[in-house]
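Readers should treat all values here as calculations from the given coordinates under stated rules, not as data from a laboratory. Just so we're clear, the structure is a prediction, and the values are computed from it rather than from any experiment. Virtual Cβ from ideal backbone geometry, glycine too; neighbours counted across all protein chains shown.
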Amino acid sequence: MPAPHLDPTPIFEYFRASYGTELLTAAVVHLKLFVRLYGRSLTLQELGEELSLAERPMIVLTTALRAMGLLVVDPQGRLTLSDLAREHLQPNSPFDVSGYVGFAADSPGVLAMLERLKTNRPGGTKPEESGAIHIYRQGLKSAMEKEATARHLTLALVGRAKTAAPLLAQRVELPGARVLLDVAGGSGIYSFAFLLSYPALRAVVLDRPEVLKVTAELAEAYGVAERVECRPGDMFRDEFPGADVVLLSNVLHDWDVPECRKLIERSARTLPSGGRLLIHDVFLNDALDGPLPLALFSAQLFCMTEGRVYSAAEYRAWLRQAGFTAGEIIPSLVHNLGALVGIKE
């Protein structure tokens, strides 16, 4: 599988830049966050209670604002204004630019972001209206249950997968591996890259039936169909087949903390001692203060899914609790994509 010559990260950064506008405008104009923090410092929970926001939207919002240099954490671990915000985002300052930011206050994107921050849902304000684009969970409306939209979205995600998959398979070694389970594997591109690198390896791609129609076609195109099992299922409910490697590639960032921990625990149960869990994803700084491109990607995920971007520290804690020893992050490509490998104890 050929690898790209150039890293397309800048393209993704330009694509996601609008989320910075939406978060900043919502914080300045609608939530009055910088006014609330004038002369004070609050914990994340205290500020969330004042803003009536749940933990997930608070982390998405404050991570972005910290990455923008507008919020800082004091020695007691409390959020407070940076010098930049104190001079330029306060109504009593002679250099206040809040009114200028307010030009975007009524734009559809800002209003949609505000609704999502307040409701902590990827869709409408009511649970029955809530839906998601490329994720599936029982009880959640999902485009991946319809053939046309499942095909379109699965193929849309192939572009990024094809840039990162060859480097992932080159840099993550799987000596002696026999079966790779690709959970919510979508197109299967990441599995195919490993299969092309390891001729003795087989792969099971677990996903929704309509998605797997695309997976099967691509397996034929890459010449690995005889070593790929396309298994329809629900990753939260159906038993995982036995494997010595489990791959969660760009999966956990679609889900909130309880679902992430559940998938890691389910992976632990299916792996033998010494088996590997590969978490292939992007990682926020452990302090949850950036980098800004990933904070904006987190905002995109927040709007489209039930998840956000997590830090390596968060993943390592969940891995330890599930009985894994976590190694270092092995970089692949695009926005600090990399693999955090957990070895089952």
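Here the Karplus curve 6.51 cos²θ - 1.76 cosθ + 1.60, taken at θ = phi - 60°, turns the phi angles of the range 315-322 into couplings of 4, 4, 5, 5, 5, 4, 5, 8 Hz, with x standing for Gly and Pro. Taking square-rooted eigenvalues a ≥ b ≥ c of the alpha carbon gyration tensor, is the range 1-66 rounded, prolate or oblate, where a/c under 1.5 means rounded and, failing that, a/b exceeding b/c means prolate? Judged from the Cα gyration tensor, the range 1-66 comes out prolate (a/c at least 1.5, a/b above b/c). Bridgeable lysines around residue 344 (alpha carbons under 19 Å apart, same-chain partners fewer than 8 residues away excluded): 262. Placing unit charges on the Cβ atoms only, positive for Lys and Arg and negative for Asp and Glu, gives the chain a dipole magnitude near 300 debye about its Cα centre.
Panel order for 280, 88, by other beta carbons found within 10 Å of each beta carbon, from fewest to most: 88, 280.
Rounded to the nearest Hz, the phi-derived 3J(HN,Hα) couplings of the range 260-266 under the Karplus curve 6.51 cos²θ - 1.76 cosθ + 1.60 (θ = phi - 60°) are 4, 5, 5, 5, 5, 5, 5, where x marks glycine and proline. Distances between placed amide hydrogens fall under 5 Å for residue 246 paired with 181, 276, 277, 278, all partners being 5 or more residues away or on another chain.
Students often check this: by mean Cβ neighbours within 10 Å, which of 170-182, 71-83 ranks highest, and how do the rest follow? Could you put the intermediate results ahead of the total?
Values: 170-182: 17.1, 71-83: 14.9.
Ranking, from highest mean packing down: 170-182, 71-83.
Using θ = phi - 60° and the Karplus relation 6.51 cos²θ - 1.76 cosθ + 1.60, list the HN-Hα couplings for the range 13-27 in order, rounded to whole Hz, with x at every Gly or Pro. So the Karplus estimates, Gly and Pro as x, are 5, 5, 4, 9, 4, 4, 5, x, 4, 5, 5, 4, 5, 4, 5 Hz. The H on the amide N of residue 330, modeled in the peptide plane, is under 5 Å from the matching H of 339, 340, 341, each at least 5 residues off or on a different chain. For the chain, the alpha carbon convex hull comes to 134 Å³ per residue, rounded to a whole number.
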